[in-house]
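Have a look at the structure below, then the notes.
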Amino acid sequence: MRAAPMFVKWCELNGLSPCPAAPAQVARFIVDCTPLGIERVWPAIQDISRLHVSVGLADPTLGGVAAKAIGDLGGIDPPRSWPADHKQRFKSLPYDLQLYVASHEMRREKALRRAQNEAANARRELAACPKSEIHSNEERKPDENDTYPNA
């Protein structure tokens, strides 16, 4: 089985069959390989997935204990804006989807903070302007836009 060499070798060492594999078996593999880090283990997990799907079997890496083990290894925190009950479900998402959602939420939060800071700066500038200057600008604006000022 060349499809998942790291997992196949681990299965041989543990006296298990690599295909079909149960989600608990995949979770144990992930936990045992934790010292290697997500960068090395994630490609092996994808190999396990492809191996099973290619022969028409259910993917043991999706959901349940395997997904939780992947989430724990990946260490990606759920978005802060998510409600608490959904944060638990975040860990059951596939790792690559966790990466996407987390980075998307980070970009969204940065854009939101930037917009809030710009609005606060605009309010400060407006508050710093003398009231007479604000009123004189308001009085002038209609004249600037009026194409027929004397009509």
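Values quoted throughout were computed directly from the atomic coordinates according to the rules given, and no laboratory measurement underlies them. Source: prediction; values computed, not measured. FYI the Cβ positions are ideal-geometry reconstructions off the backbone, even for glycines, and counts take in every protein chain you see.
What the table shows:
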read-out	value
Distance in nm between pseudo-label sites at residue 92 and residue 127 (7 Å out along the Cβ direction from Cα)	4.7
Spatially near lysine pairs across segment 5-144, Cα under 23 Å, sequence gap of 8 or more or different chains	6
Per-bin percent of Cα-Cα distances, segment 1-69 [10 Å]	23, 62, 15, 0
Modelled label reach - residue 55, point 7 Å along Cα→Cβ, segment 1-41 residues with backbone N closer than 14 Å	1-5, 7-9, 11-12, 16-22
Rg in Å to one decimal, and Dmax rounded to a whole Å, for segment 5-144 via C-alpha atoms	26.0, 87
Formal net charge of residues neighbouring residue 98 (Cβ-Cβ distance under 13 Å; K, R +1; D, E -1)	0
Whole-Hz ³J(HN,Hα) from phi, Karplus 6.51 cos²θ - 1.76 cosθ + 1.60, for segment 49-58, glycine and proline x	4, 4, 4, 6, 5, 5, 9, x, 9, 5
